[in-house]
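Please read the structure below before turning to the comments.
The values are calculated or read from the model by the stated rules, or taken from the named source; none is laboratory data. What you are looking at is a predicted structure, and each value in this text was computed from that prediction instead of being measured. Neighbour counts run over all protein chains shown; Cβ positions are idealised from the backbone, glycine included.
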């Protein structure tokens with residue numbers, strides 16, 4: 001959101017501001033509230049608050065479903081691992097247990113998975129799987 005528009009909003013209010021300019025939740029709430037109470041079109045309100053109509057309806061839907069929490073920013077990106085499924089986890093576990101007393105290290109397992117055409121993942125991902133099943137040498141990381 002452009003600071004210029006927000007400053008205009010603040011100046012248009014009386015001497016006391018109803019909301020803080022830095023608080024996006026308050027700004028989004030005020031935008032939704034104004035859409036209900038002012039009689040202005042959604043387009044006018046979106047211009048005033050420097051939001052697209054798409055984003056307006058996005059926050060309106062989230063507010064209706066989740067309340068005020070729906071107006072907060074969220075982290076992007078995947079919410080769960082998308083490359084690793086149970087089958088891949090089982091392959092990693094078998095590879096770890098198949099070689100000698102302490103098993104293969106994370107780098108060897110990652111290289112073998114790639115070489116065998118199963119999946120290309122990092123050694124760190126292998127480490128996360130092993131940690132999940134308590135198959136690391138210590139509590140802090142994987143066996144090297």
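Points to keep in mind about this one:
- Out of 127, 112, one residue alone is in contact with a strand residue (DSSP E or B) (Cβ under 9 Å, 6 or more places away or on another chain), modelled with pLDDT of 90 or more and assigned to a helix (DSSP H, G or I). It is 127.
- Subset of segment 97-107 [at pLDDT below 90 and part of a helix (DSSP H, G or I)]: 97, 98
- Index of the failed condition, residue 73 passing every other in (1) within 30 Å of residue 41 (Cα to Cα); (2) touching a residue at least 40 places away in the same chain (Cβ under 8 Å); (3) surrounded by 11 or more Cβ atoms within 10 Å (Cβ to Cβ): (3)
- Given (1) in a loop (DSSP other than H, G, I, E, B); (2) in contact with a helix residue (DSSP H, G or I) (Cβ under 7 Å, 6 or more places away or on another chain); (3) modelled with pLDDT of 90 or more, index of the condition residue 135 fails: (3)
- Only residues that are closer than 13 Å to residue 27 by Cβ and loosely packed, with under 11 Cβ neighbours inside 10 Å were counted in segment 38-67, giving 0.
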